[in-house]
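Colleague: The structure follows.
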Protein chains: 2
Amino acid sequence: MGQQTIELPIIDDFHTHLRQGAITKLIAKQVSDGGVGLAYVMPNLQPPIKTTEEALEYKKILQSYNPDVEYLMTLYLTPDLTPEEIYKAAEAGIVGVKSYPRGVTTNSDSGVESYTIYYDVFRAMEKVNMVLNIHGEVPSSPDSNICVMNAEIEFLKNLEELHRDFPNLKIVLEHATTKESIKLIKQINSPNVACSITVHHLQLIMDDWAGQCHNFCKPVAKYPTDREALRSVIKEGHPQFFLGSDSAPHPRAKKESVKAPAGVFTTPNILPYLADIFEGFGCLDKLHDFCCVNGRKFYGLPLNLDTRKKVTLVRTPNCIPDEYPYEDENGEKQAVVPYLANKTINWKLQ
Amino acid sequence: MGQQTIELPIIDDFHTHLRQGAITKLIAKQVSDGGVGLAYVMPNLQPPIKTTEEALEYKKILQSYNPDVEYLMTLYLTPDLTPEEIYKAAEAGIVGVKSYPRGVTTNSDSGVESYTIYYDVFRAMEKVNMVLNIHGEVPSSPDSNICVMNAEIEFLKNLEELHRDFPNLKIVLEHATTKESIKLIKQINSPNVACSITVHHLQLIMDDWAGQCHNFCKPVAKYPTDREALRSVIKEGHPQFFLGSDSAPHPRAKKESVKAPAGVFTTPNILPYLADIFEGFGCLDKLHDFCCVNGRKFYGLPLNLDTRKKVTLVRTPNCIPDEYPYEDENGEKQAVVPYLANKTINWKLQ
């Protein structure tokens, strides 16, 4: 049966959605429950976080809900973002800028995003060592046969181009889902280009989200061979790949509706899920670097492996709750449904 | 603006699910609402329709709910089916036998269905001119990289084999969704091998069912180029392709849940949908043969084009209802959600 316990430094999640409003109180707390001590926070609130002030304000709220977590803040890339704002943000400790496909609405040529309007901003980011976090999908475009299945693959040429034009800009291809992405990151082979991998993409394929709203996220999980490529690169211990859960809670009522929003919610159980999945494909020994080392090295953060708080995984049946209830802004009862709800996994945090 | 009205003989739907229990009363009525006069009825009830008696009993119920429709009945292919039952069924006017991937649980080799255990039954069917209706997907098998996206393509070699071994057996590849299927049917080029096409696969691509439970069906809608292939073969007026809606109602509460059952519900508006979609890709002139001629010719049924009741499509805004309510067996209020609920299409039946 192998190991019965695993002790790790509290882990790093380099891509998470902590939302805003009533739900954030619940989710921020759950970051710690999942064994996570560092949360790299996405800026896609409504309205999006576009300035240093907004990011710092958001950080303050998160800290008030859960002071045990280190929050790394990001800005949302829009044409409003200026080099001046980048300098200011860097000064204030903001770490990255997140690019979403829908944020790029101008200068796009037949559905392919063009980043050229952002080159001044990227030059500034390069100078102050700020990281560009990319949601790497081009918009769907039926005329060009582009849909959710190949939107990531179609994006990759943009990543290559960007790295060619800004070889010193730190870039993360977020939540990779295809073997083509893995191949490209390995091929680029630069300390400045990395890739985050979620919990759920290591387990799901298309069949798992077809008709199953709680497994539906963007980018969508793809073929078994794509999942295999994600697993393989972790198995080989490649240093440019690390955890970014992309955990994205939505109320159950919204998920189980005519049009489910995209997002898989893993926050409260991230480390137990990962232990279960890593053991499943035979690389529990890679958990430590994938969760505690690779990301920090890429981001140039202190490893603090000795001083970090420790968490202990225990091999024991762990039934994932059906849901986590909370009260929304209107006093209504809501709930978020976790990944693998009502299923039993083999690892639990002590 | 083109034509303002279209008169057609009442149309034929060569693949539909009329269900059982309380919902059937609603659905059987709606067959006529959709402009359909001939319904080719799937046998996948619980338990499945496996004998002549059961099929005739089911037919009687359907006739009691809506006597205006001609019901063509089918049996479910399982290892229980015998040549004797085939002769009996043919005698009783049962037209086809439906093969489902999950029904083939034995003699399957690495996820590929083998039909050899049914060869005695097929020989009998060939003799009495009974039609084999195939759900053409192999079971998903991650080890072979087979999932919902390529399950139909992987199946096609089985269809080729079957036609090679039974050149006189009438076979319909039901609800085709891929360009590869269209290509194969054209290539086989036999009066004995045909293909049904649904309403929704002429309009949906992957993006449309990702997170949208009411658009989720099996086989899943695929790439824009696949949709294009379906449209093209209709546009060229190919005689081996005809309407089989695969309309498959499920209660809203089941659809909008953790795990949505597969099925798009088009019954009450089939002909208006088709007029809207056919006009969209510029082949309203193909509606008549696709809906009233090609299927009957394949099945060897009288065309009755002059004597059939007529229906008239009118170009006018037609807002598809949000849902159709009904009362289930327990007296509970339920509803089924139609395809394109709350959307407005351009054609309506007079």
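The values are calculated or read from the model by the stated rules, or taken from the named source; none is laboratory data. Fair warning: this is a prediction, and the values are worked out from it, not measured in the lab. Cβ: placed from backbone, ideal geometry, glycine included. Neighbour counts: every protein chain shown.
Colleague: Can you spot a residue in region A:20-36 that is under 18 Å from A:THR198 (Cα atoms), touching a strand residue (DSSP E or B) at 6+ places or on another chain (Cβ under 8 Å) and among the polar types (S, T, N, Q)?
Modeller: Yes, because at least one residue in region A:20-36 is under 18 Å from A:THR198 (Cα atoms), touching a strand residue (DSSP E or B) at 6+ places or on another chain (Cβ under 8 Å) and among the polar types (S, T, N, Q).
Colleague: Report, by residue number, each residue of region B:140-170 that is within 21 Å of the chain's Cα centre (by Cα) and facing another protein chain (nearest Cβ under 10 Å).
Modeller: Matches in region B:140-170: B:VAL148, B:MET149, B:ASN150, B:ALA151.
Colleague: Let me confirm something: among B:LYS157, B:LYS170, B:LYS218, B:LYS186, which residue is surrounded by fewer than 24 Cβ atoms within 10 Å (Cβ to Cβ) and touching a Leu at 6+ places or on another chain (Cβ under 8 Å)?
Modeller: On the way: B:LYS157 fails: touching a Leu at 6+ places or on another chain (Cβ under 8 Å); B:LYS218 fails: touching a Leu at 6+ places or on another chain (Cβ under 8 Å); B:LYS186 fails: touching a Leu at 6+ places or on another chain (Cβ under 8 Å).
On inspection, the qualifying residue turns out to be B:LYS170.
Colleague: Hey, does region B:238-259 have a residue that's under 13 Å from the mean Cα position of the chain (by Cα), crowded, with 24+ Cβ neighbours inside 10 Å and on the phi > 0 side of the Ramachandran plot?
Modeller: So far as region B:238-259 goes, yes, one or more of its residues are under 13 Å from the mean Cα position of the chain (by Cα), crowded, with 24+ Cβ neighbours inside 10 Å and on the phi > 0 side of the Ramachandran plot.
Colleague: What tally of residues in region A:252-280 results from selecting those that are hydrophobic (A, V, I, L, M, F, W, C), in contact (Cβ under 8 Å) with a residue 24 or more places away in the chain and over 24 Å from A:VAL131 (Cβ atoms)?
Modeller: Pass one, region A:252-280, residues hydrophobic (A, V, I, L, M, F, W, C): A:253, A:258, A:260, A:262, A:264-265, A:270-271, A:274-275, A:277-278.
From what is left, the residues that are in contact (Cβ under 8 Å) with a residue 24 or more places away in the chain are A:253, A:260, A:262, A:264-265, A:270-271, A:274-275, A:277-278.
Checking which are over 24 Å from A:VAL131 (Cβ atoms) leaves us with A:253, A:260, A:265, A:275, A:277-278.
Selection size over region A:252-280: 6.
Colleague: Applying the selection to region A:322-336, what residues are more than 14 Å from A:LYS254 (Cβ to Cβ), in contact (Cβ under 8 Å) with a residue 12 or more places away in the chain and either touching a strand residue (DSSP E or B) at 6+ places or on another chain (Cβ under 8 Å) or surrounded by 17 or more Cβ atoms within 10 Å (Cβ to Cβ) (or both)?
Modeller: A:TYR324, A:GLU327
Colleague: Name every residue in region B:58-93 that is under 25 Å from B:TYR118 (Cβ atoms) and in contact with a Ser or Thr (Cβ under 6 Å, 6 or more places away or on another chain), in order of residue number.
Modeller: B:LEU77, B:LYS88, B:ALA89, B:ALA92
Colleague: Find the residue count for region B:173-183, including only residues that are buried (at least 23 other Cβ atoms within 10 Å of the Cβ) and within 14 Å of another protein chain (Cβ to nearest Cβ).
Modeller: Selection size over region B:173-183: 2.
Colleague: What do you reckon, is B:PRO219 over 19 Å from B:LYS343 (Cβ atoms), more than 11 Å from chain A (Cβ to nearest Cβ), touching a residue at least 40 places away in the same chain (Cβ under 8 Å) and not aliphatic (A, V, I, L, M)? It would help to see each step written out before you state the result.
Modeller: On the way: over 19 Å from B:LYS343 (Cβ atoms): yes; more than 11 Å from chain A (Cβ to nearest Cβ): no; touching a residue at least 40 places away in the same chain (Cβ under 8 Å): yes; not aliphatic (A, V, I, L, M): yes.
Here the answer is no, as B:PRO219 does not meet what is asked.
Colleague: Kindly provide the set of residues from region A:138-154 that are surrounded by 22 or more Cβ atoms within 10 Å (Cβ to Cβ), touching a Ser or Thr at 6+ places or on another chain (Cβ under 7 Å) and closer than 14 Å to A:GLU174 by Cα, ordered by number.
Modeller: Of everything in region A:138-154, those that are surrounded by 22 or more Cβ atoms within 10 Å (Cβ to Cβ), touching a Ser or Thr at 6+ places or on another chain (Cβ under 7 Å) and closer than 14 Å to A:GLU174 by Cα turn out to be A:ALA151, A:GLU152.
Colleague: Still on this structure, please answer the following. Is there a residue being at pLDDT 95 or above, out of contact with any strand residue (DSSP E or B) (no Cβ under 7 Å at 6 or more places or on another chain), assigned to a helix (DSSP H, G or I) and within 14 Å of chain B (Cβ to nearest Cβ) anywhere in region A:254-269?
Modeller: Yes, that holds for at least one residue.
Colleague: Check whether at least one residue in region A:284-296 is of a type in the set (D, E, K, R), closer than 29 Å to A:GLN20 by Cα and in a loop (DSSP other than H, G, I, E, B), and report yes or no. Outline the logic, then answer.
Modeller: Initially, region A:284-296 is screened for residues of a type in the set (D, E, K, R), giving A:285-286, A:289, A:296.
The next check asks that each one be closer than 29 Å to A:GLN20 by Cα; those that pass are A:296.
Now drop any that are not in a loop (DSSP other than H, G, I, E, B), which leaves none.
No: region A:284-296 contains no residue that is of a type in the set (D, E, K, R), closer than 29 Å to A:GLN20 by Cα and in a loop (DSSP other than H, G, I, E, B).
Colleague: Pairs only if they're at least six apart or on different chains, beta carbon under 6 angstrom, first in region A:281-295 and surrounded by fewer than 19 Cβ atoms within 10 Å (Cβ to Cβ), second charged (D, E, K, R); list them, first residue then second.
Modeller: So the pair list comes out as A:PHE281/A:ARG231; A:CYS283/A:LYS235.
Colleague: Considering only residues that are of a type in the set (S, T, N, Q) and crowded, with 24+ Cβ neighbours inside 10 Å, which ones fall in region A:197-214? Break it down stepwise before answering.
Modeller: Restricting attention to region A:197-214, the residues satisfying the condition of being of a type in the set (S, T, N, Q) are A:198, A:203, A:212.
Residue satisfying the conditions is A:THR198 alone.
Colleague: Tell me, please, whether a residue that is at pLDDT below 95, within 14 Å of chain B (Cβ to nearest Cβ) and part of a loop (DSSP other than H, G, I, E, B) can be found in region A:111-131.
Modeller: Yes - at least one qualifying residue is present in region A:111-131.
Colleague: Let me ask something else about it. Looking at B:GLU327, B:GLU323, B:GLU332, which is the one that is within 23 Å of B:GLY263 (Cβ to Cβ) and out of contact with any helix residue (DSSP H, G or I) (no Cβ under 7 Å at 6 or more places or on another chain)? Spell out the reasoning first.
Modeller: Numbers: B:GLU327 fails: out of contact with any helix residue (DSSP H, G or I) (no Cβ under 7 Å at 6 or more places or on another chain); B:GLU323 fails: out of contact with any helix residue (DSSP H, G or I) (no Cβ under 7 Å at 6 or more places or on another chain).
Among B:GLU327, B:GLU323, B:GLU332, only B:GLU332 is within 23 Å of B:GLY263 (Cβ to Cβ) and out of contact with any helix residue (DSSP H, G or I) (no Cβ under 7 Å at 6 or more places or on another chain).
Colleague: Filter region A:12-36 down to residues that are more than 20 Å from A:VAL131 (Cα to Cα), within 18 Å of the chain's Cα centre (by Cα) and not in a helix (DSSP H, G or I), then give me how many there are.
Modeller: Here the count works out to 5.
Colleague: Also, quick follow-up: What residue, among those in region A:114-137 that are surrounded by fewer than 21 Cβ atoms within 10 Å (Cβ to Cβ) and acidic (Asp, Glu), is farthest from A:GLU84 (Cα to Cα)?
Modeller: Going through the qualifying residues, I end up with A:GLU126.
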